[in-house]
Amino acid sequence: MKKYVILATLAAVFLCGISPAEETKKTAFEFSAVTDFAWYQKTGYISGSTHYAPFTGWYDGIQAQTTLNASYKIPVAIPLLPKSNPLFEGNNVTFAGALEISPVSIMPKLSVSFTPAAFLSFSAGTMAGTGWEFLGSQGMAEYNASEKKYDNLTPFKSWYLCEWVSGTFMFDTAALWPGDWHHIVMVANYEVDYKNLTGTSSTVWDWQTTKNCADGWQYDQYYLLGYQMPSIISLAGVSAELYGHYNAADYGELADSFGGDFMTIEVCPLMQLTFSPHDSLFVIFNFKARRSFAEEHAEEDEEPLLTYTGREWYFQRIAFRWTHTF
């Protein structure tokens, strides 16, 4: 969900019509509440090489969570940078904390970011969460290979941990070509994560209903191209996210057969609705590429023991993100 953090940052900075220079004039403290909801569609699994999986049903689950955010921004003066150029305004250091709450998990987060120019930001953070089962949805579980299923772990005895660093390039063409209808927005983000789950002896685990995870160093690339408009539909665009493990060996003896260094790809048409300076809604349509396997199967729980053969594209979900700033 890091892509949504980027979207929320853009919404606060310039997608709602606030330039980076104007942003620095706001109060140093900022508070927001972000609510995510996603509706998953059902698709069948098809064995074999790369292909597109068919739509088979309107419902395959839902996802919901709320994140409470607080941040403190300190303006920073950087010598030698041109003071009158909007590309080099808005320099700051921001300290942020958040608490993410969902029906199956709770996770506090801490981060710090440095913005040396309006178009560039560097961040680092850490988070620690624990989870439980709720109405059949598993928040935290380990893979039981002998029974081909995930077994729940004990909340507050096992923890999901993630440390990350990232660099983000953001550019709005209106900075060079002023005008309400001149906002072509481009974003590129590269993030390095180290993720692990404590209190388990299994190589493969589940966190927040996302299965087939493993400990190790991982990457997450995010790209966005959009057009900002001075209307209730304030942004329309498309994003792409590419993520996976640097080292296939993170999956242990399953590394080769399962494709441990497989790169998952998501392509997402999206739009933002801005209702007021304090409220905005992102609507996102997720097309995703997951592993395809040589063997026929019906359940995701079988996959760690199957043989990876290609990429399976499918329509995954419709997601909504409501952001309210105080």
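The values are calculated or read from the model by the stated rules, or taken from the named source; none is laboratory data. Keep in mind the model is a prediction, meaning the values are calculated, not measured. Cβ coordinates were reconstructed from backbone atoms using ideal geometry, including for glycine residues, and neighbour counts include every protein chain displayed. What goes into the accessible areas is simple: the full protein's heavy atoms, side chains included, and nothing from ligands, DNA or RNA. Shrake-Rupley method; radii C 1.70, N 1.55, O 1.52, S 1.80 Å.
Determine the share of the chain's accessible area contributed by carbon and sulfur atoms, expressed in whole percent, with a 1.4 angstrom probe.
Carbon-and-sulfur percentage of accessible area, whole number: 65.
Suppose every Lys and Arg Cβ carries +1 and every Asp and Glu Cβ carries -1, with no other charges. What dipole size does the range 197-322 come out with about its Cα centre, to the nearest 20 debye?
Taking the Cα centre of the range 197-322 as origin, the dipole is about 740 debye.
Solvent-accessible area per residue for the chain at a 1.4 Å probe radius, Å²?
Here the per-residue accessible area is 47 Å².
With +1 assigned to the C-beta of every Lys and Arg and -1 to the C-beta of every Asp and Glu, and no other charges, what is the dipole magnitude of the chain about the Cα centre in debye, to the nearest 20?
It works out to roughly 980 debye.
Could you list log10 I(q)/I(0) for the chain at q = 0.13, 0.14 Å⁻¹, which the Debye formula gives when each Cα is one point scatterer?
-1.02, -1.17
For VAL76 and THR35 in one chain, what is 0.36 nm times their gap in residues minus the Cα-Cα distance, to one decimal in nm?
11.6 nm
Suppose we flag GluC sites (Glu not before Pro) only when DSSP calls them loop and at most 13 other Cβ atoms lie within 10 Å. Which is the longest uninterrupted stretch of the chain?
148-294
Sequence-distant or interchain residues sharing an amide H contact under 5 Å with THR307, placed H: which?
Hits under the 5 Å cutoff: ALA294, GLU295.
Taking the Cα centre of the range 100-234 as origin and charging only Cβ (+1 Lys, Arg; -1 Asp, Glu), how large is the dipole, in debye to the nearest 20?
Dipole size: approximately 120 debye.
Taking the chain as a Gaussian network, where each spring joins two C-alpha atoms under 10 Å apart, which residue of ALA77, ALA188, ALA174 fluctuates the most?
Most flexible of the set in this elastic network: ALA77.
Report the longest stretch of the chain that contains none of the trypsin sites (Lys or Arg not before Pro) sitting in a DSSP loop with at most 10 other Cβ atoms within 10 Å.
Of all site-free stretches, the longest is 158-326.
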